[in-house]
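Readers should treat all values here as calculations from the given coordinates under stated rules, not as data from a laboratory. For clarity, every value in this text was computed on a predicted model and none was experimentally measured. In this analysis, Cβ positions are derived from the backbone assuming ideal geometry, glycine residues included, and neighbour counts consider all displayed protein chains.
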């Protein structure tokens, strides 16, 4: 999926409005007029940071809703329901930075050599355990492929070398990642 700059700005705007309204206990915003691209079903994650630190990240790995609805749904959940963090408080909203990752479909791989660090995200699954790391995570931490695999296994609650187990399924995907421009204060 290729999004225009206008599509990205609209998605970021709907994410911010959805967060603001949810944190203030209000109903979700109406979906404004938009391009056909945003009506395409697409998995997506909304990542929130505050002063450079992760503050929440929730998304859909599969295309269950049109992209614009997915973003409107997961943005407030990132602010209020990520179990790793306390809910965002109204006074924090102005400090939040929003990043959206629109995902390609997942593809199961048979060989880890198919993973291109910086291009692919990884989802690892073994039994009921599942973990996902977005493509930009490996780049941000300067990880090589083995470290990326170990950290994805850790996120899934699996042993670090779970990726070597033939019972472990590994999926890759790419993402179109964009974020708000930092405001000058």
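Could you work out the helix-only [θ] at 222 nm for the chain, with each DSSP H run of four or more residues adding -39,500 (n - 2.57) and the total divided by the number of residues, to the nearest 500 deg cm²/dmol?
-8500 deg cm²/dmol
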**Study point:** Beta bridge orientation in the chain: antiparallel %, DSSP, nearest 5
**Key:** 95 percent
Point to revise | Residue with peak Gaussian network fluctuation, the chain [Cα springs, cutoff 10 Å], from 146, 111, 39 | key: 111
Point to revise | Per-pair calculated FRET efficiency, R0 = 41 Å: residue 33 and residue 109 via Cβ, rounded to 0.05 | key: 0.55
Revision key, fill the gap. Along principal axes, largest first, the alpha-carbon spread of segment 107-173 in whole Å comes out as 28, 21, 15
Review point. Taking the convex hull of the alpha carbon atoms in segment 5-103, what volume per residue do you get, in Å³?
Key: 93 Å³
Study note, to complete from the structure: Once both label points are put 7 Å beyond Cα along the C-beta direction, the residue 146-residue 181 separation in nm becomes 4.3 nm
Review point. With each label point set 7 Å from Cα along the Cα-Cβ vector, what nm distance links residue 16 and residue 40?
Key: 2.6 nm
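What per residue convex hull volume, in Å³, do the alpha-carbon atoms of segment 95-141 yield? Display every interim value, and only then the final one.
Details: hull volume 5.6 nm³, N = 47.
Each residue corresponds to 118 Å³ of Cα convex hull volume.
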Point to revise | the chain: angle of helix 145-155 to the longest principal axis, Cα-based, in degrees nearest 10 | key: 70 degrees
Study note, to complete from the structure: With R₀ set to 25 angstrom, the calculated FRET efficiency between the beta-carbons of residue 154 and residue 51, to the nearest 0.05, is 0.50
Review point. What would the Debye formula give as log10 I(q)/I(0) at q = 0.17, 0.20, 0.21, 0.25 Å⁻¹ for the alpha-carbon point model of segment 72-121, no solvent?
Key: -0.73, -0.83, -0.86, -1.00
**Study point:** Length-normalised contact order of segment 20-66 in % [C-alpha pairs under 8 Å, at least 6 apart]
**Key:** 33 percent
Practice item. Give the label of the value calculated from the structure for Cα extents along the principal axes in Å, choosing from (i) 47, 35, 32; (ii) 55, 35, 32; (iii) 60, 43, 31. Key: (i)
**Study point:** segment 5-103: relative contact order in percent, alpha carbon pairs under 8 Å with at least 6 residues between
**Key:** 34 percent
Exercise for review: Return one number: the angle in degrees, 0 to 90 and rounded to the nearest 10, between the long axis of the Cα atoms of helix 67-80 and the longest principal axis of the Cα atoms of the chain.
Suggested key: 90 degrees
